[in-house]
Amino acid sequence: MNAVASVLPAEPLVFRSARMARVVELARRVASSDANVLLAGESGTGKGILARFIHDQSPRRGAPFVTIACANIPAGLLESELFGHEKGAFTGATERRVGRFEQADGGTILIDGVSELAPGLQGKLLRVLQEKAFERLAGTRTLRVDVRVLASTQAPLEEVVARGEFRADLFYRLNVVCIEIPPLRDRMEDLPVLVEHILRGIAQQRGGAPRRLAQAALHRLLRHDWPGNVRELRNVVEGAAIVAEDGDIPARALRLGRPAGSGGGPGAGLLADAGDRRLTLAELEERYIREVLRLAGGNRSQAARILGINRKTLLEKRKRYGIP
Ligand SMILES: Nc1ncnc2c1ncn2[C@@H]1O[C@H](COP(=O)(O)OP(=O)(O)OP(=O)(O)O)[C@@H](O)[C@H]1O
Ligand SMILES: [Mg+2]
């Protein structure tokens, strides 16, 4: 099933800014080596697509490219996803399972959201990096693989290390090369070409010529600050292309969140809601967490990042306030 990851066609990387040109040049240079690479950047900046680019530019391009998203897999299942298990390893393990490291043999693995790895798994990952060896869960045989490891993180990993939540030795192993992808708002020269690329993709799917944005629409996109980066841009442009009638896509078809600094961001209105007394700090915190979770569409990793806390802390706070 993870073979799917390796047969997905590579997506072109689109950019115009000098900052992205430097990022892509660095990626191209490290691709030919076997160095572990840490890809850092906000949500939606293109860490996944850049990882795929590195694999495709590397001598491993003919072998599998396998991704594992740490945040999406329950902690209890992650170890078996990474390393596999033998039949009977735990209740429900009715079959042997080949883990992603084995699937990626000869190729590249992307450990997406590596900052979310539980301490126990951090140790196991370190061992794979050092010895290229591991055992399946409940397995007695030591398996050896030849896998290049790329890892991505939204949270600055040094800070997670400084908080004592990520092993420093693992950090140094992963961080042989670090590529930081700047947020879209810091490279707005990329926006017009990205919009064209997105509209071209829609036209390819549906047939017909690519649509265009009206000038006013493009100007609105250029004024937005894109907290969700290229993913948010894609959602906005695809949504607009659906609702807009024929002709150039007008500004009113764009559904943008409020730009930062307009006073309308998350948390706005909290004080206004206080009624005849001031909110306590705990009430404010609860309301703010609920609001950010709502804005993040229930995505807890993203909510935690916005709140500047880790997922464990968010979980504790949700329990304390009874937030589902
Ligand atoms: N330079 C780019 N050219 C073309 N498409 C891009 C580019 N950067 C990002 N995208 C597109 O934006 C979306 C988000 O990119 P991607 O999934 O790589 O982000 P990410 O940094 O891995 O996000 P997350 O942290 O949420 O995992 C994808 O649809 C991707 O194809
Ligand atoms: Mg990603």
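The values are calculated or read from the model by the stated rules, or taken from the named source; none is laboratory data. This one's a predicted model, so the numbers in the text were calculated from it and none came from an experiment. All Cβ positions, even for glycine, are placed from backbone atoms using ideal geometry, and neighbour counts span all protein chains on display.
Some notes on this structure:
- Between ALA89, ALA118, ALA31, the distinction of being at pLDDT below 95 and within 22 Å of the chain's Cα centre (by Cα) belongs to ALA118 only.
- Any pair with Cβ under 9 angstrom, 6 or more apart, that starts in segment 204-222 at a residue that is within 9 Å of ILE249 (Cα to Cα) and ends at one that is among the aromatic types (Phe, Trp, Tyr): none
- Members of segment 69-101 found to be of a type in the set (Gly, Ala, Ser) and either on the phi > 0 side of the Ramachandran plot or within 16 Å of ligand 2 (Cβ to nearest atom) (or both), listed by number: ALA69, ALA71, GLY84, GLY88, GLY92
- Selection from segment 112-155 of residues that are among the charged types (D, E, K, R) and either touching a Cys at 6+ places or on another chain (Cβ under 7 Å) or without any contact (Cβ under 8 Å) to a residue 40 or more places away in the chain (or both): ASP112, GLU116, ARG127, GLU131, LYS132, ARG141, ARG144
- Residues in segment 114-155 that are within 16 Å of ligand 2 (Cβ to nearest atom) and part of a loop (DSSP other than H, G, I, E, B) were compared, and the one that is surrounded by the fewest Cβ atoms within 10 Å (Cβ to Cβ) is GLN154.
So that you can scan it fast, the table gives a plain yes or no per residue for (1) touching a Cys at 6+ places or on another chain (Cβ under 6 Å); (2) within 16 Å of ligand 1 (Cβ to nearest atom); (3) outside the structural domain of VAL30 (by TED's automatic domain parsing):
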residue	(1), (2), (3)
PHE166	no, no, no
GLY201	no, yes, yes
ARG211	no, no, yes
ALA216	no, no, yes
ARG223	no, no, yes
VAL230	no, yes, yes
VAL236	no, yes, yes
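- Remark: ARG52 falls outside the filter, which requires a residue to be without any contact (Cβ under 8 Å) to a residue 24 or more places away in the chain and not hydrophobic (A, V, I, L, M, F, W, C).
- Answer from LEU194, LEU233 - the residue that is over 20 Å from LEU295 (Cα atoms), among the hydrophobic types (A, V, I, L, M, F, W, C) and at pLDDT 95 or above: LEU194
- Filter pass, GLU25 being of a type in the set (Asp, Glu) and within 16 Å of ligand 2 (Cβ to nearest atom): no
- Residue in segment 102-113 that is nearest to ALA69 (Cα to Cα), counting only those that are among the aliphatic types (A, V, I, L, M) and either within 16 Å of ligand 2 (Cβ to nearest atom) or in a strand (DSSP E or B) (or both): ILE111
- Of the residues contained in segment 281-297, none is found to be exposed (fewer than 11 other Cβ atoms within 10 Å of the Cβ) and modelled with pLDDT under 75.
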